[in-house]
Amino acid sequence: MSLNVIELRKDFPILQRETSNGVRLVYLDSTATSQKPLPVIEAMNAYYRRSNANIHRGVHTLAEEATALYEAAREKIARFINAPSARQVIYTRNTTEAINLVAYAWARANLKTGDLVILTEMEHHSNLVPWQMLQAERGIELDFIPVTETGLLDLDAYQALLARTPKLVAFTHMSNVLGTINPAAEIIRLAHAAGAVTLVDAAQSVPHLKVDVQALDADFLAFSAHKMCGPTGIGALYGKAELLEAMPPFLGGGDMIKEVKLRSFRANSLPHKFEAGTPAIAEAVGFGAAVEYLTSIGMDAIAAHEHEITAYALERLEEIPGVRVFGPDAAHKGGVAAFTLDGIHPHDVAQILDKDGIAVRAGHHCAQPLHEKFGIPATSRASFYLYNTKEEVDLLVNGIYKVKRLFG
Ligand code: C6P
């Protein structure tokens, strides 16, 4: 079923605004952060207007309401990714913190000098630097599944790496630069056969595809609310119950304990064991509203719409002389088109597009090693979500022709 994008855009007040030079906003930067629909904005507004209180602490009406809203959102998020239980969904600040939680709590308890962690060459810095830090501290080894010229993972090379019996395979489900959708179920199946635990960076997949943690058989899976119509400041880590139960806590403080004595403490049960201190309560409410919104539209319909827009964008971009688009064909990627324009710096491209209200990101997109691999310092990146249209792709293409004219 196709999306009624014209109707759906009315849910996003920001898409109705003009930019500073009085032109219509063409928002093509949802990979960095998505825009927020009214049901999310209103849920957070209503929480602050009616129910604001601290959670898990008070017995008064507001504290009980706030706790119920915070926990109801967790249930919705668990259903959205088909987690067996909401206890297995830990609120974090974002994907980055969720990955760091695994690196601190699971990896520091389970990995020792010489243990191998397999990553890929297309990782975001969030799924690279925490492991480099552990390498410096613990002497673990890191190796990488190579990326092919066309932007796919080299799965033969992966098989060869697995023969070295890694302890962990941590990989991105969808690249934020190439757009590549990696065969996560297959990568996980092979990792398990080799005896490794798996961590999926799902920052770009959960917002755009139907992700089922049980079908994937993922051990850990991390994502951020702000990339999926929700607020900033909150994300989630899903984990298998037996792994989460066995892990020591990450941060210490209020709410993550059952009992504290002067010289000792007993950790709380899941999920609270990993949620120290007052959390982002309004943001959790907004996160719950975001997954409800996406569910009401339908993840399959969203993915199909994005596929159509992306295929159209690739076709149109590739027509432009001097444009090089990175990553695989539309059949293997999500709504991301990172490109270079011969002889023109990606930042100049983004700045000139901005004058026409077209928002794209330029830089290394927190994936510097991947850019190095392709021999470039930066790209301009257009990305698409449920609210983007083919007409906006046409405006982008016209804008790129204008950049070319300006640079002679
Ligand atoms: N990528 C982009 O413009 P946080 O910042 O923790 O919410 O998400 C980190 C992250 C992790 N993995 C992937 C694949 C990502 O794309 C991101 C965020 C944004 O591409 C901001 S750098």
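The values are calculated or read from the model by the stated rules, or taken from the named source; none is laboratory data. Computed from a prediction, not measured in an experiment: that's the story for all the values here. Reconstructed Cβ throughout: ideal geometry from the backbone, glycine too, with neighbour counts over all protein chains shown. Side chains are part of the model used for accessible areas, which takes the heavy atoms of the whole protein and leaves out ligands, DNA and RNA. Shrake-Rupley method; radii C 1.70, N 1.55, O 1.52, S 1.80 Å.
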So which residues in segment 309-332 are more than 22 Å from the chain's Cα centre (by Cα) and over 25 Å from S2 (Cβ atoms), if there are any at all? I320, P321, G322, V323, R324
Quick one: count up the residues across segment 205-215 that are more than 16 Å from the ligand (Cβ to nearest atom) and open to solvent by less than 20 Å² (accessible area, probe 1.4 Å). 1
Here's a check for you: in segment 379-408, which residue that is out of contact with any Lys or Arg (no Cβ under 8 Å at 6 or more places or on another chain) and assigned to a strand (DSSP E or B) is surrounded by the fewest Cβ atoms within 10 Å (Cβ to Cβ)? T379
List pairs: first residue in segment 111-140 and open to solvent by 50 Å² or more (accessible area, probe 1.4 Å) and polar (S, T, N, Q), second residue part of a helix (DSSP H, G or I) and away from the ligand (no atom under 16 Å from the Cβ) anywhere in the structure, Cβ distance under 8 angstrom, at least six positions apart or on different chains. T113/R138
Selection over segment 175-191 where residues are more than 16 Å from the ligand (Cβ to nearest atom), over 18 Å from the mean Cα position of the chain (by Cα) and among the aliphatic types (A, V, I, L, M) yields a count of 3
I'd like the residue in segment 192-204 that is among the small types (G, A, S), on the phi < 0 side of the Ramachandran plot and surrounded by fewer than 24 Cβ atoms within 10 Å (Cβ to Cβ) and, out of all such residues, is farthest from the ligand (Cβ to nearest atom). A193
Evaluate the following for I376: is it away from the ligand (no atom under 13 Å from the Cβ) and assigned to a helix (DSSP H, G or I)? no
Tell me yes or no: at least one residue of segment 92-108 is part of a loop (DSSP other than H, G, I, E, B) and more than 10 Å from the ligand (Cβ to nearest atom). no
Is it true that some residue in segment 170-188 is aromatic (F, W, Y) and either touching a Cys at 6+ places or on another chain (Cβ under 8 Å) or closer than 25 Å to A301 by Cβ (or both)? no
Pairs, first over 16 Å from V40 (Cα atoms) in segment 291-305, second open to solvent by less than 20 Å² (accessible area, probe 1.4 Å) and part of a helix (DSSP H, G or I), C-beta under 8 Å, six or more apart: I302/L294; H305/V5
Tell me, yes or no, whether segment 46-64 has at least one residue that is surrounded by 13 or more Cβ atoms within 10 Å (Cβ to Cβ) and within 26 Å of the chain's Cα centre (by Cα). yes
For segment 15-44, name all the residues that are free of Cβ contacts under 8 Å to residues at least 60 places away in the same chain and over 21 Å from T295 (Cα atoms). Q16, R17, S20, G22
Please verify whether segment 245-258 includes one or more residues that are acidic (D, E) and touching a helix residue (DSSP H, G or I) at 6+ places or on another chain (Cβ under 7 Å). yes
Could you grab me the full set of residues in segment 354-363 that are in a loop (DSSP other than H, G, I, E, B) and buried (at least 19 other Cβ atoms within 10 Å of the Cβ)? G357, V360
Can R324 be described as assigned to a strand (DSSP E or B) and in contact with an Asp or Glu (Cβ under 9 Å, 6 or more places away or on another chain)? yes
